[in-house]
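Peer 1: I have a structure I would like to understand better, so I am pasting it below and will then ask my questions one at a time.
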Amino acid sequence: YLKELEELKDLDAVTLDGRKVELVGNIGEPNDVAGVLKNGGVGVGLYRTEFLYMNSEVMPSEEKQFAAYRSVLEAFPDGPVIIRTLDIGGDKKLPYLPMDEELNPFLGLRAIRLCFKEIGLFKIQLRAILRASVYGHAHIMFPMISSITEVRQAKTILLDCMKELDEEQLPYDKAVKVGVMIEIPSAAIAADIISKEVDFFSIGTNDLCQYTLAVDRMNQDVSYLYDPFNPAILRLIKQVTATSKDNFFTGMCGEMAGDPLAAILLLGLGLYEFSMSALSIPQIKKIIRSVRYEDAKKIAQAALDMETGEEIMDFVKDSMKKLN
Ligand code: PEP
Ligand code: MG
């Protein structure tokens with residue numbers, strides 16, 4: 001079996017009837033790149049940069065960040081590398097950045113919201129990513145976006161950084177792609193509006209489930225309610241993937257993207273890019289290569305009419321058996 005997965009490494013993630021998708025890895029630090037390459041990931045769909053900040057006693061300098069981003073970009077000369085800007089707040093804190101106690105940290109000053117408050121910190125990161133962008137196919141991704149206004153605000157700050165670099169005559173990729181995570185229900189519902197300002201989406205099902213179902217993603221007592229197959233979640237995903245247009249793609253970097261039971265459903269819903277922990281890549285590739293896109297679409301369509309997550313999960317399992 002391991003040998004079979006090894007043989008898959010250099011094959012495309014393409015269905016029997018020719019629909020090609022992209023399988024990429026989630027990483028937390030440059031060292032994780034090796035695993036993505038080894039398992040046949042063609043790029044990085046989520047670089048969680050907060051680890052760079054959390055594993056440091058002081059704010060990581062622009063140079064230090066530049067070196068980290070550059071090394072990841074250089075590992076993928078042909079593939080995309082999606083660098084997510086800082087997602088601190090919620091349960092993640094930084095020793096060198098005092099933050100007020102909050103009654104609802106996951107609804108509070110988290111991710112892009114914190115970056116708007118700490119613009120100096122945000123600009124250092126954006127400058128570092130921009131400077132690294134000349135070494136590969138950099139994509140900048142903003143987390144916890146709830147509306148188009150925040151996208152515009154973030155892009156204005158990005159533009160400021162570009163102007164600074166221009167003045168300093170430091171090179172960057174002027175066509176760098178800009179995208180957002182879709183992980184707040186309002187962003188999924190208004191995906192068509194938000195898409196006007198960006199080059200790509202990446203659906204963060206971990207938070208999308210948490211916020212849509214009102215279930216703390218860490219709380220064991222309510223974990224039975226945490227279900228990515230819940231019809232409400234599938235419908236939101238559908239709404240996001242329906243926002244397709246030229247020169248634009250929709251991916252997913254939440255855990256669901258690496259779930260073998262979800263693969264056909266997501267394929268059928270029109271997802272283009274699947275980003276997951278490296279070890280899941282071969283298994284998902286195997287599934288993609290074993291189905292017809294036309295069948296996956298029918299399965300997804302039927303699932304969208306079902307009433308419960310359980311029913312959907314059983315139906316998917318059944319359908320997978322029949323396909324084999
Ligand atoms: C998500 O919310 O699905 C996601 C990928 O981001 P994180 O798990 O880092 O919050
Ligand atoms: Mg998230």
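Peer 1: Tell me, please, whether a residue that is within 16 Å of ligand 2 (Cβ to nearest atom), surrounded by 12 or more Cβ atoms within 10 Å (Cβ to Cβ) and among the polar types (S, T, N, Q) can be found in region 153-168.
Peer 2: No, region 153-168 contains no residue that is within 16 Å of ligand 2 (Cβ to nearest atom), surrounded by 12 or more Cβ atoms within 10 Å (Cβ to Cβ) and among the polar types (S, T, N, Q).
Peer 1: Further question: Please identify the pairs in which a residue from region 207-221 that is in a loop (DSSP other than H, G, I, E, B) has its Cβ atom under 7 Å from the Cβ atom of a residue that is more than 13 Å from ligand 1 (Cβ to nearest atom), counting only partners at least 6 apart or on another chain.
Peer 2: Final answer for the pair search is Val215/Val222; Val215/Leu225; Asp216/Val222.
Peer 1: Looking only at region 199-210, count how many residues are surrounded by fewer than 21 Cβ atoms within 10 Å (Cβ to Cβ) and of a type outside the set (S, T, N, Q).
Peer 2: Final tally of qualifying residues: 1.
Peer 1: Still on this structure, I have one more. Could you please find all residues in region 5-18 being charged (D, E, K, R) and more than 13 Å from Ile287 (Cα to Cα)?
Peer 2: Within region 5-18, Glu6, Glu7, Lys9, Asp10, Asp17 meet the criteria.
Peer 1: Next question. Checking Ile281 against (1) in a helix (DSSP H, G or I); (2) in contact with a helix residue (DSSP H, G or I) (Cβ under 7 Å, 6 or more places away or on another chain); (3) surrounded by 20 or more Cβ atoms within 10 Å (Cβ to Cβ); (4) not acidic (Asp, Glu), which single condition isn't satisfied?
Peer 2: (2)
Peer 1: Right, something else. Among the residues of region 237-254, is there at least one that is under 25 Å from Ile284 (Cα atoms), within 15 Å of ligand 2 (Cβ to nearest atom), free of Cβ contacts under 8 Å to residues at least 60 places away in the same chain and surrounded by fewer than 23 Cβ atoms within 10 Å (Cβ to Cβ)?
Peer 2: Within region 237-254 (the criterion being under 25 Å from Ile284 (Cα atoms), within 15 Å of ligand 2 (Cβ to nearest atom), free of Cβ contacts under 8 Å to residues at least 60 places away in the same chain and surrounded by fewer than 23 Cβ atoms within 10 Å (Cβ to Cβ)), the answer is no, since none of the residues qualifies.
Peer 1: Moving on to the next point. Have a look at Gly43, Gly35 and point out the one that is surrounded by 19 or more Cβ atoms within 10 Å (Cβ to Cβ), of a type in the set (Gly, Ala, Ser) and either in contact with a Leu (Cβ under 9 Å, 6 or more places away or on another chain) or closer than 27 Å to Gly270 by Cα (or both). Break it down into steps so the answer makes sense when it comes.
Peer 2: Working: Gly35 fails: surrounded by 19 or more Cβ atoms within 10 Å (Cβ to Cβ).
On inspection, the qualifying residue turns out to be Gly43.
Peer 1: Pairs please, first residue from region 106-124 and in contact (Cβ under 8 Å) with a residue 40 or more places away in the chain and closer than 17 Å to Met141 by Cβ, second anywhere and of a type in the set (Gly, Ala, Ser) and surrounded by 21 or more Cβ atoms within 10 Å (Cβ to Cβ), Cβ atoms under 7 Å, 6+ apart in sequence or on different chains.
Peer 2: Final answer for the pair search is Ile112/Ala154.
Peer 1: In the set Leu114, Leu159, which member is within 16 Å of ligand 1 (Cβ to nearest atom), part of a helix (DSSP H, G or I) and not hydroxyl-bearing (Ser, Thr, Tyr)?
Peer 2: Details: Leu159 fails: within 16 Å of ligand 1 (Cβ to nearest atom).
The conditions single out Leu114.
Peer 1: Just to check your reading of the model, which residue among Phe229, Phe201, Phe142 is modelled with pLDDT of 95 or more, over 24 Å from Leu107 (Cβ atoms) and within 16 Å of ligand 1 (Cβ to nearest atom)? Outline the logic, then answer.
Peer 2: Working: Phe201 fails: over 24 Å from Leu107 (Cβ atoms); Phe142 fails: over 24 Å from Leu107 (Cβ atoms).
Only one candidate qualifies: Phe229.
The values are calculated or read from the model by the stated rules, or taken from the named source; none is laboratory data. Quick caveat: nothing in here was measured; it's all calculated off a predicted structure. So basically every Cβ, Gly included, is an ideal-geometry build from the backbone, and we count neighbours across all protein chains shown.
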